[in-house]
Every structure is written in C-alpha cells, then in structure tokens.
Amino acid sequence: AQKITQTQPGMFVQEKEAVTLDCTYDTSDQSYGLFWYKQPSSGEMIFLIYQGSYDEQNATEGRYSLNFQKARKSANLVISASQLGDSAMYFCAMSLTGGFKTIFGAGTRLFVKA
Amino acid sequence: GAVVSQHPSRVICKSGTSVKIECRSLDFQATTMFWYRQFPKKSLMLMATSNEGSKATYEQGVEKDKFLINHASLTLSTLTVTSAHPEDSSFYICSARDLGFQETQYFGPGTRLLVL
C-alpha cells in the first residue's frame, strides 16, 4: 500500500531564511510522481512542484526545490528566502503513474516570522 | 498551470435539503476528476473518483447514495449532497488531472458547506 508521512505538524522560519519540510513515502511501484501543494488560509490547493520517480535531477521551481532521495524514499521540499506569504499548510502527495488517485500526507503548517 | 473552477464557493442550507457543487476544468479535458473532503486542520480525504461517462468510484465508508457524483462531460463533474445534515458541513474540494502535464492534479478553490 502507498503511504505519505509528514512528521512535522508545524514549523517556524525566519523571514528570508531557507526551510526544509520533510516528506517520506512508501510504495512498491517503480513509476510514480511526487507533488507538493500549498494551502493558504483561503483553502485553495496550489500546486508547487513535481518530481517523477525516474527523474534523475531534483526538481526546482523558483524558490522551491525538491530534495529527492529515492533510496531513502524521501522528497523534502526546500523553500529558499522565505517570505511572509509562505505561511500556509503544505502537503506532500504521491500518485502512481497511469491516472491513479493521489494520496496526501497529513500536512505541515509553516509559520514565517518577520 | 491548468485552471479548475468550483461553484459555489460557499453555501449555507437547511437540514434535509440537497446541495449541488460543480467542478469544471477550464482549459483542459479531464476524463477523471476527484472529490475530496477536508475537516478543519486535517488533510484531504478522498471521497470518490469521478469518471466521465461512467459511474464514480467511491472510497470505503463514503455513502454513494448520500454523495451523488455525475461526470457528464470532459470538463464538468458535479457532487450533490442529498438530504444534508449538520455533520455534512465541511470543506469540499475537487480536482482534475491533466494527463498531458506530468499527471499533475489541479484543484478547484473549494466549497465551504454549512448545514444548519
């Protein structure tokens, strides 16, 4: 069975500093995708970044990068130069290739301090 | 990224009435859409997978007669909460998968349902 684990219920970071949000996953499949979503207080789910299981390089999207360690089954999100607007809930997710459903972790709430 | 709309954004209804929520993919075709429910400070709970032209696939514990799903076209799925009760009050979010782009799921803005 597939599973996503986010062990940090809450995180604090100083504005302009970098922060890493942890995510580990479990699957016996070889082909899968890993995602990170941001959910601000408004409730909308905002897609941040994607990593395919066969991608050899870590994904990057602006200030977001995904530290993909396949052997460890981890897919940590790194946010560089944190901004006050980064304060939100962050969800790690995984889906198997082929249109199957996506499963989500419990989420990490990030607080950025001025 | 792709755009998914959801309507209404908020709805308040009386107990016993039915509420319909629409989910539309605006710039791509979605043969599969997903309906989630989210309780305060909790993760998303998948309720059902909506398949265009066929019956929805419900997750274990979700009442299919309570939560009716219709996926009539490649861009529209609807969730109807029938005979709503206060315990159905929640945040409902739909998503659609863009198979043309990394199979990423794009989410609608959500619907806050309050049943009085």
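The values are calculated or read from the model by the stated rules, or taken from the named source; none is laboratory data. As the structure is a prediction and not an experimental result, all values here were calculated from the model. Ideal geometry is used to build each Cβ from the backbone, glycine not excepted, and the neighbour counts take in all protein chains shown. Accessible surface is based on the protein model in full, side chains and every heavy atom, while ligands, DNA and RNA are left aside. Shrake-Rupley method; radii C 1.70, N 1.55, O 1.52, S 1.80 Å.
Brief remarks follow.
- Residues within region B:1-29 that are open to solvent by less than 30 Å² (accessible area, probe 1.4 Å) and within 12 Å of chain A (Cβ to nearest Cβ), tallied: 3
- One residue stands out in region B:30-73 among those that are facing chain A (nearest Cβ under 9 Å), open to solvent by 50 Å² or more (accessible area, probe 1.4 Å) and not in a strand (DSSP E or B): the one that is farthest from A:GLN39 (Cα to Cα), namely B:THR31.
- In region A:17-40, the residues that are more than 11 Å from chain B (Cβ to nearest Cβ), in contact (Cβ under 8 Å) with a residue 40 or more places away in the chain, of a type in the set (Ser, Thr, Tyr) and assigned to a loop (DSSP other than H, G, I, E, B): A:THR27
- Take the conditions (1) part of a strand (DSSP E or B); (2) free of Cβ contacts under 8 Å to residues at least 12 places away in the same chain; B:CYS94 misses just one of them, which is (2).
- Of residues in region A:48-79 being under 14 Å from the mean Cα position of the chain (by Cα) and open to solvent by 50 Å² or more (accessible area, probe 1.4 Å), the one nearest to the other protein chains (Cβ to nearest Cβ): A:GLU61
- Residues that are open to solvent by 10 Å² or more (accessible area, probe 1.4 Å) and either outside any loop (DSSP other than H, G, I, E, B) or without any contact (Cβ under 8 Å) to a residue 60 or more places away in the chain (or both), drawn from region A:87-114: A:SER87, A:MET89, A:LEU96, A:GLY99, A:PHE100, A:LYS101, A:ILE103, A:PHE104, A:ARG109, A:PHE111, A:VAL112, A:LYS113
- Checked against (1) modelled with pLDDT of 95 or more; (2) open to solvent by 50 Å² or more (accessible area, probe 1.4 Å); (3) within 13 Å of another protein chain (Cβ to nearest Cβ), A:LEU84 meets all criteria but (3).
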